[in-house]
Amino acid sequence: MSRILIEVCADSVESATAFVEASVIMVPLNSCLRIRAVKGGADRLELCGNLALGGGTTPSVGLYKAVREAVPNVPLMVMIRPRVGDFVYTKFELQVMLEDISVFNALKADGVVFGALTKDAAIDIKATIQ
């Protein structure tokens, strides 16, 4: 049976650090052991901007850097979502999303979280592959 990952959404340094225990066990990056730093057993944080507005948007680079500095040993996934609302994106919105992914990749984010749908509410495979 595979292990279920638990992810906690955060949209500020305060909300990110609220989930982190005071004493973080440092584990070498090449170790098979996982850092158990998040209270309640969460494995990673999903960083969002504007979480209270329709489920969140892409966070600013400044927020990413502040949270990364505050919780350096917790895996940090970054939401990529240019706006609230549905997940049907225009080609221009997809270009913005690709640029955001490139920026957060360069900043060494542990990963990104996004979703793209077609007008028929199916997974937009073409957009996802990009």
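For beta carbons closer than 9 Å, sequence separation of 6+ or different chains, a first residue in the stretch 102-130 that is touching a residue at least 24 places away in the same chain (Cβ under 8 Å) and a second that is basic (Lys, Arg) and assigned to a strand (DSSP E or B), the qualifying pairs are Asp110/Arg44; Gly111/Arg44. The residue of the stretch 49-70 that is farthest from Ile101 (Cα to Cα), among those that are assigned to a helix (DSSP H, G or I) and among the hydrophobic types (A, V, I, L, M, F, W, C), is Ala70. Tell me, yes or no, whether the stretch 62-81 has at least one residue that is of a type outside the set (Phe, Trp, Tyr), loosely packed, with under 13 Cβ neighbours inside 10 Å and at positive phi. The answer is no; no qualifying residue exists.
Would you mind finding the one in Asp120, Asp110, Asp43, Asp100 that is of a type in the set (Asp, Glu), buried (at least 19 other Cβ atoms within 10 Å of the Cβ) and more than 13 Å from Ala10 (Cβ to Cβ)? Before you say what the answer is, go through the steps one by one.
Numbers: Asp120 fails: buried (at least 19 other Cβ atoms within 10 Å of the Cβ); Asp110 fails: buried (at least 19 other Cβ atoms within 10 Å of the Cβ); Asp43 fails: buried (at least 19 other Cβ atoms within 10 Å of the Cβ).
Exactly one residue qualifies, and that residue is Asp100.
Condition check for Leu47 on (1) in contact with a Pro (Cβ under 6 Å, 6 or more places away or on another chain); (2) at pLDDT 95 or above; (3) of a type outside the set (Asp, Glu): one failure, at (2).
In the stretch 68-90, the residues that are farther than 22 Å from Ala16 by Cα form no Cβ pair under 7 Å with any partner that is buried (at least 21 other Cβ atoms within 10 Å of the Cβ) and β-branched (Val, Ile, Thr), whether six or more places apart or across chains.
The values are calculated or read from the model by the stated rules, or taken from the named source; none is laboratory data. Worth saying up front: this structure is predicted, and the values here are computed from it rather than measured. Neighbour counts run over all protein chains shown; Cβ positions are idealised from the backbone, glycine included.
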